[in-house]
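Trainee: Quick one: structure below, then a few questions.
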């Protein structure tokens with residue numbers, strides 16, 4: 001019998017536990033917040049992060065991370081990127097040698113510029129690691145809106161095992177062996193969502209949004225290929241699919257943050273009002289550093305960084321993008 005743990009009870013972690021419980025009879029969800037644990041165990045709800053969703057009865061919650069991972073066959077890490085390493089390290093002594101590790105976090109570690117699967121692999125040496133990503137708002141998945149995801153791993157058997165754990169009649173999971181491409185697509189699209197949100201906040205129209213999404217995809221692909229990913233992956237679910245969803249969807253936290261910035265608000269003021277994480281903020285800094293390291297041009301990413309961190313006027317940043325030297329659309 002498969003025993004599964006999800007580490008991180010935000011909206012996405014809770015949703016993955018809820019979905020897995022349809023196929024796995026023993027699902028344990030770790031939350032840092034005592035009220036979340038109480039609500040899940042007493043009422044089968046996560047009122048703080050995933051309100052108005054009745055969770056599957058097989059989902060149980062705990063505040064003890066060691067109990068959560070002990071003797072589990074599959075462990076899904078869904079903590080925010082800036083704390084993922086600490087969370088994995090805190091659980092490492094109780095993780096079974098045979099456990100399949102699934103990383104559901106989208107981001108790039110700020111200090112090391114490591115992908116999230118690399119963070120998990122470094123802290124859990126010898127375990128097989130799978131990334132799960134794709135265009136998915138947690139609330140829609142939890143409410144059985146048809147969704148498609150990607151499970152990516154260098155080990156096909158592990159990717160297929162995770163594919164079967166999470167696939168339902170409303171959630172279709174594909175496999176992929178381009179882990180870097182899947183992870184970078186999931187991380188970098190959050191920056192582009194901030195950019196399109198800024199444009200929307202400035203009321204620049206749909207033409208501007210289309211241009212930012214398309215040229216943003218070109219930047220994502222350019223960096224991904226430099227880091228060993230396949231260009232084709234960025235045309236798939238974890239690239240273009242997630243990019244379109246996050247740049248246009250009303251439920252996108254990163255786009256919503258960008259809208260507020262475009263309307264003239266400061267980053268710190270917007271962040272102070274939020275309990276949930278907009279991963280694109282941290283990823284913007286990491287992507288700038290990666291682009292500099294690899295000598296890759298990423299003008300949209302760099303413009304977002306200047307607006308967020310250097311006080312640039314959002315409208316001036318758009319003007320600067322439009323005034324760049326003319327060039328061919330295709331990178332040769």
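The values are calculated or read from the model by the stated rules, or taken from the named source; none is laboratory data. Everything quoted here is computed from the prediction, not taken from an experiment. Neighbour counts run over all protein chains shown; Cβ positions are idealised from the backbone, glycine included.
Trainee: Wholly within the range 258-332, which helices (runs of 4 or more DSSP H) include no fewer than the required count, namely at least 2 residues that are in contact (Cβ under 8 Å) with a residue 12 or more places away in the chain and touching a strand residue (DSSP E or B) at 6+ places or on another chain (Cβ under 6 Å)?
Mentor: Those helices (runs of 4 or more DSSP H) span 279-294.
Trainee: State yes or no: is residue 191 outside the structural domain of residue 110 (by TED's automatic domain parsing), touching a residue at least 60 places away in the same chain (Cβ under 8 Å) and either part of a helix (DSSP H, G or I) or surrounded by 23 or more Cβ atoms within 10 Å (Cβ to Cβ) (or both)?
Mentor: Spelling it out, residue 191 is indeed outside the structural domain of residue 110 (by TED's automatic domain parsing), touching a residue at least 60 places away in the same chain (Cβ under 8 Å) and either part of a helix (DSSP H, G or I) or surrounded by 23 or more Cβ atoms within 10 Å (Cβ to Cβ) (or both).
Trainee: Restricting to the range 79-117, and then to whatever is part of a strand (DSSP E or B) and over 12 Å from the mean Cα position of the chain (by Cα), can you tell me which residue is surrounded by the most Cβ atoms within 10 Å (Cβ to Cβ)?
Mentor: In this case the residue turns out to be 102.
Trainee: Only one of 184, 204 is at pLDDT 95 or above, assigned by TED's automatic domain parsing to the domain that holds residue 256 and not in a helix (DSSP H, G or I); which?
Mentor: Just one listed residue meets the conditions, 204.
Trainee: Report, by residue number, each residue of the range 194-241 that is free of Cβ contacts under 8 Å to residues at least 24 places away in the same chain and buried (at least 24 other Cβ atoms within 10 Å of the Cβ).
Mentor: Once the filter is applied, which keeps residues that are free of Cβ contacts under 8 Å to residues at least 24 places away in the same chain and buried (at least 24 other Cβ atoms within 10 Å of the Cβ), the range 194-241 yields only 221.
Trainee: For residue 25, all conditions in the list (1) modelled with pLDDT under 95; (2) within 15 Å of the chain's Cα centre (by Cα) hold save one; what is the number of the exception?
Mentor: Residue 25 satisfies all of (1) modelled with pLDDT under 95; (2) within 15 Å of the chain's Cα centre (by Cα) except (2).
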